[in-house]
1. Using a basic spin-label model with each label point 7 Å from the Cα along Cα→Cβ, how many nm lie between A75 and I42?
2. To the nearest µm²/s, what D does Stokes-Einstein give for the range 19-66 at 20 °C and 1.002 mPa s, using the Kirkwood radius over alpha carbon pairs as Rh?
3. How big is the accessible area of D63 in square angstrom, nearest 10, if you roll a 1.4 angstrom probe over the protein chains?
4. At a probe size of 1.4 Å, how large is the accessible area of L18, to the nearest 10 Å²?
5. Please give the solvent-accessible surface of K81 in Å², to the nearest 10, using a probe radius of 1.4 Å with every protein chain present.
6. With every protein chain kept in the model, how would you rank H85, H67, H30 by accessible area, 1.4 Å probe, largest at the top?
7. Write out the chymotrypsin sites (Phe, Trp or Tyr not before Pro) in the range 39-110 meeting two conditions: DSSP loop, and at most 14 other Cβ atoms within 10 Å of their Cβ.
Amino acid sequence: MQSEKNQDRDQLDYKTLLANAKQALKLEYHKSAALASQLQAIKTQLEQVEAENKILRESAYEDVVKHFEARTQAAEALALKTEVHKRFLEANGCKDDESFDTLWDSIKTYIPQVREEINGIFDE
């Protein structure tokens, strides 16, 4: 009888331990699933940030190139105007800027690709 009581108690303890272990395992599984979900969300955010950074880098590079192309065109336009002005003064032997401005305005109409840059720079 005592032996049966001990055996029943051992089985009860075993069942309790098994039930507790199952509960602990379920809890750890839920924690693991939550962490896996968080990790996946972080990976997705990282991919989005990397894609945005790539776009920004390419965009910034294009903006820098456009900026320096515009500055180069402006410098070329200024060099052209200076050269034309110098030759105008050499040819006319005078410093009549009003007649040069008229000549320059007529020259600008023949340079359509830089007309906007020239107007923006020199009409100030």
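The values are calculated or read from the model by the stated rules, or taken from the named source; none is laboratory data. These numbers were taken from a predicted model, which means no experiment stands behind them. Reconstructed Cβ throughout: ideal geometry from the backbone, glycine too, with neighbour counts over all protein chains shown. The accessibility values were calculated without ligands, DNA or RNA, using every heavy atom of the protein model including side chains. Shrake-Rupley method; radii C 1.70, N 1.55, O 1.52, S 1.80 Å.
1. 4.8
2. Working: Rh = 13.7 Å.
For these conditions, the coefficient is 156 µm²/s.
3. 90
4. 80
5. 40
6. Working: H85 50, H67 90, H30 120 Å².
So, going from the largest accessible area down, we get H30, H67, H85.
7. For chymotrypsin sites (Phe, Trp or Tyr not before Pro) across the range 39-110 that sit outside H, G, I, E and B with at most 14 neighbouring Cβ atoms in 10 Å, the list reads Y110.
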